[in-house]
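One structure is given below, encoded as structure tokens.
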Amino acid sequence: IVAGCISHPHSWPWQISLRTSYGLHFCGGTLIDPQWVLTAAHCLEKSSRPSAYKVYLGLHRERASEASVQKRDVEKLFKEPHRADIALLKLRSPAIINNHVIPICLPKENAVLGGREECYVTGWGDTKGTGGDGLLKETGFPVIENKICNRPEFLNGRVKKHELCAGNIHGGTDSCQGDSGGPLVCLDQDRFVQHGVTSWGLGCAQPMKPGVYVRVSNYIPWIESIMENN
Amino acid sequence: QGDILDSYVRTEGAWLLNPKKEVYRTNSKEECAERCEAESKFTCRAFLFTSKDQQCLTLAENTKTAVIFRRTNAVLYEKRIYLLECKEGKGVNYRGTEAKTQKGVPCQKWADTVPHKPNYTPEKYPNVGLEENYCRNPDGDERGPWCYTTDPATRFDYCNIPECEVECMHCSGENYHGVVATTTSGLECQRWDSQQPHSHGYLPENFPEKDLKMNYCRNPDGEPRPWCFTTSLTKRWEYCDIPRCTTPPPAPAPGRQCLSGRGEDYQGTISVTESGNTCQHWSSQSPHRHARTPENYPCKNLEENYCRNPDGEKMPWCYTTNKTARWEYCTIPSCDGSKPEAPAVDVPEQAQISEDCYQGNGVTYRGTASFTLTGKKCQAWSSMSPHRHNKTADQYPNADLRQNYCRNPDADSRPWCYTTDPSVRWEYCNLKRCDSRVPVTLPKPPQTTLEPNPDCINGNGKDYRGTVAKTARGRTCQAWSSQKPHSHDYFTPMTHPEAGLDKNYCRNPDGDVNGPWCYTTDPRKAWEYCDIPKCPPAQYECGKSKFRPKLCAQR
């Protein structure tokens, strides 16, 4: 996360860290059910074997030194069949829900953001020298309508219907490498709902180059069917 | 033709206290709208419809200035014309909220007698909208809306109200309200309140002032001209061809040579950015190609390479002649002599979300808290969307109504703000009193276990799916799909498939705060609440963390 700030420890309890089998963090993810994690498909490109991955929950430090940390093996991988940058991981055993580990809410199918929501992204990714390395960081910015985001001076038609943009048009803060797969959540009444999976961007925190996220509400039927049938 | 409700903007869960009204019983909101259209006792500006009791209230109240309360299953419908900030013809029907003359002098309230003793008063002319100090045209003046002024030396003056461009457009068509609904290539436009075939974020209820009606071409976002989403699957949106008015555009308010507000009316000749880059000419496409050209924005004074703010930016800016810096802000001396506000970058964390508190009733609170008790984000005081209001810095100069910070301009019991939730107008803020020892506790939301328990209810019982079919008074419930003995068309398994209206089981399809209810088989009693035990508190709910997030947002 570029700029933003260090989060209050465990204030984003659905945030997980996706790791190699020897414990190196390389992507984010989101707990949506005690046994299921949502992440980005491109995070799974290194290997299609579930045993190549581990999921860490309940942590604030990337080093995962806290007592609250839970570690889980991955039992199955499910990539979205039409090559959208979204994937599901089934944990070999459910996570224990407690003060430090709580699932996120998912939006209604095809729920649309009104273009004014204030949303937040979190992760342990690259900070581009803005500090907070090694601790879970957060930043908030508005969702930008696709029509605006696809203007020539922004992302010039690159953003697809199943994606959404979020960021400050002046740049300065953004998600970045290592945050991929993590959540973009928006406040809805008094709870957070995950509307995006961190996917790609042209650089990080550049002016006129907001981050691009997979639009989770488009994939609710797919998520539900995978969870029900597996 | 569209339906009758297309000329109304709806707000869920709104209610007025003791408004000037007429009460009817109607079966549907459309019938209620017809009542409003036909109302003869007063000018009906809006109506309230309650679905459960099928009660219809036609309202004379100006919902822009009325105090609106929150109530479930009541929906407020406001006539669009009364929300528009433009005039048709001489502006006799103008009901906008412009309150300054064309020279920028604040208007005198119509009900006031100083500094000028008015001939036109609300008492003498009750039906011409003489509210507050808004510009009006009670005498059909050819030159349009005017007001008495607060300048003792100027009794009255005209106001600068843009024309509602119905047949044609001025400038970039920001005020176009016509009915063209096809694009330049002849594609039919998609309705704004539909998400098919293209989902989008321009929800009419989120932009009441943009008049996103039916499928008419509009320009809600600073495009060079009106546009619409199309019904073609292969074309998401496209511009429309709207004829340009032959009459000259309304004369802009006199420009300034210094910075006032966001500098949208700045007309000075500074052409260097804050980092010292020379500005690129607006009419040039080199080194940076762009769409902010004088042709596309004829009314924004994009002269030479002067700094301007044509699109609602924070302050005047320009494209630069430096290839590596596409655009930058300019530093313009402020009209009040204070230093121009630098863009907020890297505000220290503590100042972002302060754990501060308020003294007494919080009238003097000057902190930066900007969330309500239930976690909703505050609407900026200077904004009229999604909620119109009259708590502006002009009207309350001593209330420090900056940004969207919690404040108490009207000596309420504690700091509050309008919310960005279109359906919730305002709420108290999540702040402690400095002298209280007890921390503010957030109202406890309903706790649900991960698997809902069918025999008890959480919160208001909206998710209840048990089989209790008797009311608290022992009456048997009527089946939801039946119309006997009580006919109703609003809560049926067909209209509310998601509400679980099975058989005659108690349910809460409208989120009633008192919990599940049902229509009864007793002809004398239309409906009654049921008595269902509350579930024991469970541990967690999705999306709700135990430790409060910082919510730092870099601007």
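Of the candidates A:HIS8, A:HIS42, the single residue that is out of contact with any strand residue (DSSP E or B) (no Cβ under 6 Å at 6 or more places or on another chain) and within 11 Å of chain B (Cβ to nearest Cβ) is A:HIS8. Return the residues of the stretch B:378-415 that are in contact with a Pro (Cβ under 9 Å, 6 or more places away or on another chain) and under 25 Å from A:ASP190 (Cα atoms); say none if nothing qualifies. Passing the criteria: B:GLN379, B:TRP381, B:MET384, B:SER385, B:PRO386, B:HIS387, B:ARG388, B:LEU401, B:TYR405, B:CYS406, B:ARG407, B:ASN408. Looking at the stretch A:201-224, which of the residues that are within 17 Å of the chain's Cα centre (by Cα), part of a helix (DSSP H, G or I) and not polar (S, T, N, Q) is surrounded by the most Cβ atoms within 10 Å (Cβ to Cβ)? Per the stated criteria, the residue is A:VAL216. Of the listed requirements (1) without any contact (Cβ under 8 Å) to a residue 60 or more places away in the chain; (2) touching a helix residue (DSSP H, G or I) at 6+ places or on another chain (Cβ under 6 Å); (3) under 30 Å from A:HIS162 (Cα atoms), A:PRO107 misses just one: (1).
The residue list A:GLY28, A:GLY58 contains one member that is within 21 Å of A:PHE192 (Cβ to Cβ), surrounded by 22 or more Cβ atoms within 10 Å (Cβ to Cβ), at pLDDT 95 or above and more than 15 Å from the chain's Cα centre (by Cα), which is A:GLY58. Among the residues of this structure, A:ILE16 does not count as one that is out of contact with any Cys (no Cβ under 7 Å at 6 or more places or on another chain), facing chain B (nearest Cβ under 9 Å) and not in a loop (DSSP other than H, G, I, E, B). Checking the stated criteria, B:GLU274 turns out not to satisfy the condition of being outside any loop (DSSP other than H, G, I, E, B) and surrounded by fewer than 19 Cβ atoms within 10 Å (Cβ to Cβ).
The rows are residues; the columns are (1) buried (at least 19 other Cβ atoms within 10 Å of the Cβ); (2) in a loop (DSSP other than H, G, I, E, B); (3) hydrophobic (A, V, I, L, M, F, W, C).
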site: B:HIS387; (1), (2), (3): yes, yes, no
site: B:ALA393; (1), (2), (3): no, yes, yes
site: B:ASN398; (1), (2), (3): no, yes, no
site: B:LEU401; (1), (2), (3): yes, yes, yes
site: B:ASP410; (1), (2), (3): no, yes, no
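Across the stretch B:106-133, the number of residues qualifying as at pLDDT 90 or above and surrounded by 15 or more Cβ atoms within 10 Å (Cβ to Cβ) comes to 11. The single condition among (1) closer than 13 Å to B:CYS330 by Cα; (2) touching a helix residue (DSSP H, G or I) at 6+ places or on another chain (Cβ under 9 Å); (3) hydrophobic (A, V, I, L, M, F, W, C) that B:TRP237 does not satisfy is (1). For the stretch B:402-433, the set of residues classified as small (Gly, Ala, Ser) and over 25 Å from B:ARG10 (Cβ atoms) consists of B:ALA411, B:SER413, listed by residue number.
The residues on offer are A:GLY171, A:GLY201, A:GLY181, and the sole one that is more than 19 Å from B:TRP237 (Cβ to Cβ) and in contact with a Pro (Cβ under 6 Å, 6 or more places away or on another chain) is A:GLY171. Would you pick out the residues in the stretch A:71-118 that are under 16 Å from A:TYR213 (Cβ atoms), of a type in the set (Val, Ile, Thr) and within 14 Å of chain B (Cβ to nearest Cβ)? Passing the criteria: A:ILE104, A:VAL112. Summed over the stretch A:146-190, residues that are of a type in the set (Asp, Glu) and either in contact with a helix residue (DSSP H, G or I) (Cβ under 6 Å, 6 or more places away or on another chain) or facing chain B (nearest Cβ under 10 Å) (or both) total 4. For the stretch A:153-179, the tally of residues that are more than 23 Å from B:CYS378 (Cα to Cα), among the small types (Gly, Ala, Ser) and either in contact with a Leu (Cβ under 9 Å, 6 or more places away or on another chain) or in a strand (DSSP E or B) (or both) stands at 1. Restricting the first member to the stretch B:191-219 and to residues that are over 17 Å from B:GLU238 (Cα atoms), and the second to residues that are among the charged types (D, E, K, R) and assigned to a loop (DSSP other than H, G, I, E, B), the beta-carbon pairs closer than 7 Å and six or more apart or on different chains are B:PRO204/B:ASP193; B:ASN206/A:ARG116; B:GLU209/B:GLU85. Out of all the residues in the stretch B:264-275, is one or more more than 14 Å from chain A (Cβ to nearest Cβ), among the charged types (D, E, K, R) and in contact (Cβ under 8 Å) with a residue 60 or more places away in the chain? Within the stretch B:264-275, not a single residue is more than 14 Å from chain A (Cβ to nearest Cβ), among the charged types (D, E, K, R) and in contact (Cβ under 8 Å) with a residue 60 or more places away in the chain. Pairs meeting the criteria (first residue in the stretch B:21-43 and free of Cβ contacts under 8 Å to residues at least 60 places away in the same chain and outside any loop (DSSP other than H, G, I, E, B), second residue of a type in the set (A, V, I, L, M, F, W, C) and surrounded by fewer than 17 Cβ atoms within 10 Å (Cβ to Cβ), beta carbons under 7 Å, at least 6 apart or on different chains) are B:LYS29/B:LEU5; B:GLU30/B:ILE4; B:GLU30/B:LEU5; B:ALA33/B:ILE4; B:ALA33/B:LEU5; B:GLU34/B:ILE4. The condition of being of a type outside the set (A, V, I, L, M), in contact with a Leu (Cβ under 9 Å, 6 or more places away or on another chain) and not in a loop (DSSP other than H, G, I, E, B) holds for A:LYS76.
A quick yes/no check of all residues on (1) within 12 Å of chain A (Cβ to nearest Cβ); (2) without any contact (Cβ under 8 Å) to a residue 40 or more places away in the chain:
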{"position": "B:SER370", "(1), (2)": "yes, no"}
{"position": "B:GLY375", "(1), (2)": "yes, no"}
{"position": "B:GLN379", "(1), (2)": "yes, no"}
{"position": "B:SER383", "(1), (2)": "yes, yes"}
{"position": "B:PRO397", "(1), (2)": "no, yes"}
{"position": "B:ALA411", "(1), (2)": "no, no"}
{"position": "B:TRP416", "(1), (2)": "no, no"}
{"position": "B:PRO422", "(1), (2)": "yes, no"}
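Scoring B:THR234 on the criteria (1) farther than 30 Å from B:SER199 by Cα; (2) surrounded by fewer than 18 Cβ atoms within 10 Å (Cβ to Cβ); (3) free of Cβ contacts under 8 Å to residues at least 60 places away in the same chain leaves a single failure, condition (1). In the stretch A:119-145, the residue that is nearest to the other protein chains (Cβ to nearest Cβ) out of those that are surrounded by fewer than 22 Cβ atoms within 10 Å (Cβ to Cβ) and part of a strand (DSSP E or B) is A:PRO142.
Just name the residue that is nearest to the other protein chains (Cβ to nearest Cβ) out of those in the stretch B:192-243 that are assigned to a loop (DSSP other than H, G, I, E, B) and of a type in the set (Val, Ile, Thr). Only one residue tops the list, namely B:THR234.
Looking across B:PHE547, B:PHE491, one residue alone is within 30 Å of A:CYS5 (Cβ to Cβ) and assigned to a loop (DSSP other than H, G, I, E, B). It is B:PHE547.
The criterion of being assigned to a loop (DSSP other than H, G, I, E, B) and either basic (Lys, Arg) or under 14 Å from B:GLY263 (Cα atoms) (or both) does not hold for B:THR324. If you go through the stretch B:412-432 and keep only what is surrounded by 18 or more Cβ atoms within 10 Å (Cβ to Cβ), over 26 Å from B:PRO106 (Cα atoms) and not β-branched (Val, Ile, Thr), you end up with B:ARG414, B:PRO415, B:TRP416, B:ASP421, B:PRO422, B:ARG425, B:TRP426, B:GLU427, B:TYR428, B:CYS429, B:ASN430, B:LEU431.
The values are calculated or read from the model by the stated rules, or taken from the named source; none is laboratory data. Just so you know, these numbers come straight off a predicted model, no measurement behind them. When we count neighbours, we look across all protein chains shown, and the Cβ atoms used for this are built from the backbone with ideal geometry, even at glycine.
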